[in-house]
Amino acid sequence: MVTVEAAPTSPGRNVPYTSLAGTFIRNGSSSSKATIFFMVCVALTTFFNLFYSPRGFGNGNQVQAPLASLMRDSRSSPLYIPAAVESYVTENAQTLGYAHSDPKFAEACAIWRSPAASTLENYQNLMAFREEVENFSKIIENFDAEIPPLMDEMRQTGGKNWANTCKALRPHPDGIEALFPSQQISKLPFNNGYVEPLLPPMRHPAFCDDVEETHIVRLDYMVHDFEAMCLSLKPHSRIVLFDLGASLKFHRGPIVQMMKMYEKFGFMFDHIYAFELTPFDPIEVYETLIPEEYFSAYHWINAGVSGDPNNRMNPLKSILKQFNQDDLIIFKLDIDTSSIEVPLAYQLLKDEATKGLVDHFYFEHHVNIKEMERWWGNSMQGSMKDSLELMGGLREKGVGA
């Protein structure tokens with residue numbers, strides 16, 4: 001059981017999470033029973049991480065991960081730890097207007113524009129995160145270490161000195177957290193690393209300064225913990241991209257930015273499953289549109305996907321389950337059809353058969369947001385609160401959403 005210790009109106013920068021044991025002690029008991037209970041919970045948490053984490057070692061039929069991963073697991077938590085700013089907006093979503101399903105009242109940007117929209121402390125935390133994430137994105141953009149293809153390295157070395165290999169992916173010598181002294185980044189469970197806090201309007205804060213299309217597709221507010229991803233790899237891991245709503249404009253667009261970023265840090269895709277409903281001439285696809293470097297990995301599926309969990313055109317049913325928890329799976333969903341997208345997203349959240357399979361989920365949830373109305377129009381359904389709960393639920397399962 002997780003509780004977030006945040007006042008309904010003003011959480012501090014260092015909002016801790018606590019286990020049931022922590023809550024028991026904070027509620028006034030200083031007896032030896034409380035201490036024993038706390039120690040038992042710590043021991044059980046460590047045991048859970050070692051043997052039942054999606055990246056753990058409970059399956060004796062699988063190749064063991066490098067020692068570095070084992071050491072990292074022993075310090076991990078099976079609990080999602082949201083940043084203080086994320087806790088604030090989720091705890092106060094109703095008050096902030098994020099539960100509105102009418103775009104006239106569903107304003108996402110107010111908290112970024114004035115402390116009066118929330119609290120002075122929350123506003124200061126938001127500004128601190130914005131400054132730090134802009135610095136982080138510049139460091140990622142200018143990252144020039146020569147990282148070899150990680151799976152080639154893993155197979156050649158068998159994971160020997162793997163912690164040092166993964167440490168080379170750090171954007172700062174002291175780790176990614178050193179670039180966020182305000183601590184306004186969230187931490188996924190099961191060693192899946194740090195991510196940016198969930199904050200409306202679910203895009204770069206610059207969008208709220210200048211509501212223009214150029215800021216809509218920016219990805220440089222996202223936080224990717226490549227060291228943590230690297231430490232999760234095993235000699236038999238596969239790196240897979242699902243691209244639902246595949247744009248074949250490979251020289252621009254956010255999917256290209258994302259692929260190039262992963263490759264820059266040594267994550268070369270073994271499989272790319274690209275679904276696209278719009279008909280294309282296959283000769284044009286392979287002779288002109290798909291770069292030759294992706295030929296060996298690219299699976300072009302010129303057909304639409306289904307949101308029906310029993311339909312073979314549902315990739316969560318027909319393809320995803322062919323992989324396992326040791327694979328690194330990136331899932332991008334952008335087909336601009338809410339009646340299909342939303343059921344797929346909730347299937348990923350609720351279907352136990354997909355648990356632990358997807359590591360990172362990119363989804364533009366078309367909920368009612370005043371600032372997005374001119375682009376999304378009638379495709380908007382539901383509220384920002386719905387989106388916070390969906391993405392937060394996925395994060396609690398270890399998915400970077």
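Would you mind finding the one in 210, 225, 174 that is open to solvent by 30 Å² or more (accessible area, probe 1.4 Å) and modelled with pLDDT of 90 or more? Steps first, please.
Numbers: 210 fails: modelled with pLDDT of 90 or more; 225 fails: open to solvent by 30 Å² or more (accessible area, probe 1.4 Å).
After applying the criteria, what remains is 174.
Starting from residues that are touching a residue at least 12 places away in the same chain (Cβ under 8 Å) and at negative phi, keep the ones in the stretch 177-186 and report whichever is surrounded by the fewest Cβ atoms within 10 Å (Cβ to Cβ). Walk me through it before giving the result.
Going residue by residue through the stretch 177-186, those that are touching a residue at least 12 places away in the same chain (Cβ under 8 Å) are 177, 179-186.
Okay, now just the ones that are also at negative phi, so 177, 179-182, 184-186.
On the way: 177: 13, 179: 19, 180: 21, 181: 10, 182: 19, 184: 25, 185: 25, 186: 22.
Only one residue fits best here, namely 181.
Look at residue 277 and say whether it is open to solvent by 30 Å² or more (accessible area, probe 1.4 Å) and of a type in the set (A, V, I, L, M). Walk me through how you get there before you give the answer.
Numbers: open to solvent by 30 Å² or more (accessible area, probe 1.4 Å): yes; of a type in the set (A, V, I, L, M): yes.
Yes, satisfied.
Could you say which residue among 201, 189, 197, 173 is assigned to a loop (DSSP other than H, G, I, E, B), on the phi < 0 side of the Ramachandran plot and without any contact (Cβ under 8 Å) to a residue 12 or more places away in the chain? Steps first, please.
Working: 201 fails: without any contact (Cβ under 8 Å) to a residue 12 or more places away in the chain; 189 fails: without any contact (Cβ under 8 Å) to a residue 12 or more places away in the chain; 197 fails: without any contact (Cβ under 8 Å) to a residue 12 or more places away in the chain.
That would be 173, the only listed residue that is assigned to a loop (DSSP other than H, G, I, E, B), on the phi < 0 side of the Ramachandran plot and without any contact (Cβ under 8 Å) to a residue 12 or more places away in the chain.
Restricting to the stretch 318-348, and then to whatever is touching a residue at least 12 places away in the same chain (Cβ under 8 Å) and small (Gly, Ala, Ser), can you tell me which residue is least open to solvent (accessible area, probe 1.4 Å)?
345
So if I check each of 378, 310, which one is without any contact (Cβ under 8 Å) to a residue 40 or more places away in the chain, part of a loop (DSSP other than H, G, I, E, B) and not basic (Lys, Arg)?
Numbers: 378 fails: part of a loop (DSSP other than H, G, I, E, B).
Checking each option against the conditions leaves just 310.
Restricting the search to the stretch 245-301, which residues are of a type in the set (Ser, Thr, Tyr), closer than 27 Å to residue 233 by Cβ and assigned to a loop (DSSP other than H, G, I, E, B)? Explain how you work it out, then say what you get.
Taking the stretch 245-301 as the starting set, the residues that turn out to be of a type in the set (Ser, Thr, Tyr) are 247, 262, 273, 278, 286, 288, 294, 296, 298.
From what's left, closer than 27 Å to residue 233 by Cβ: 262, 273, 294, 296, 298.
Once the filter is applied, which keeps residues that are of a type in the set (Ser, Thr, Tyr), closer than 27 Å to residue 233 by Cβ and assigned to a loop (DSSP other than H, G, I, E, B), the stretch 245-301 yields only 296.
Regarding the stretch 107-123, can at least one residue be identified that is in contact with a strand residue (DSSP E or B) (Cβ under 8 Å, 6 or more places away or on another chain), in a helix (DSSP H, G or I), modelled with pLDDT of 85 or more and open to solvent by less than 70 Å² (accessible area, probe 1.4 Å)?
Let us first name the residues in the stretch 107-123 that are in contact with a strand residue (DSSP E or B) (Cβ under 8 Å, 6 or more places away or on another chain), namely none.
For the stretch 107-123, residues in contact with a strand residue (DSSP E or B) (Cβ under 8 Å, 6 or more places away or on another chain), in a helix (DSSP H, G or I), modelled with pLDDT of 85 or more and open to solvent by less than 70 Å² (accessible area, probe 1.4 Å): absent.
Please work out which residue is farthest from the chain's Cα centre (by Cα), limiting yourself to the stretch 309-331 and to residues that are under 14 Å from residue 273 (Cα atoms) and among the basic types (Lys, Arg).
317
Report, by residue number, each residue of the stretch 328-346 that is among the hydrophobic types (A, V, I, L, M, F, W, C) and either closer than 23 Å to residue 265 by Cβ or not in a helix (DSSP H, G or I) (or both).
Going residue by residue through the stretch 328-346, those that are among the hydrophobic types (A, V, I, L, M, F, W, C) are 328-331, 333, 335, 340, 342, 344-345.
Correct list: 328, 329, 330, 331, 333, 335.
The values are calculated or read from the model by the stated rules, or taken from the named source; none is laboratory data. As the structure is a computational prediction, the values presented were derived from the model and not from experiment. Glycine also receives a Cβ, built like all others from the backbone with ideal geometry; neighbour counts cover every protein chain displayed. What goes into the accessible areas is simple: the full protein's heavy atoms, side chains included, and nothing from ligands, DNA or RNA. Shrake-Rupley method; radii C 1.70, N 1.55, O 1.52, S 1.80 Å.
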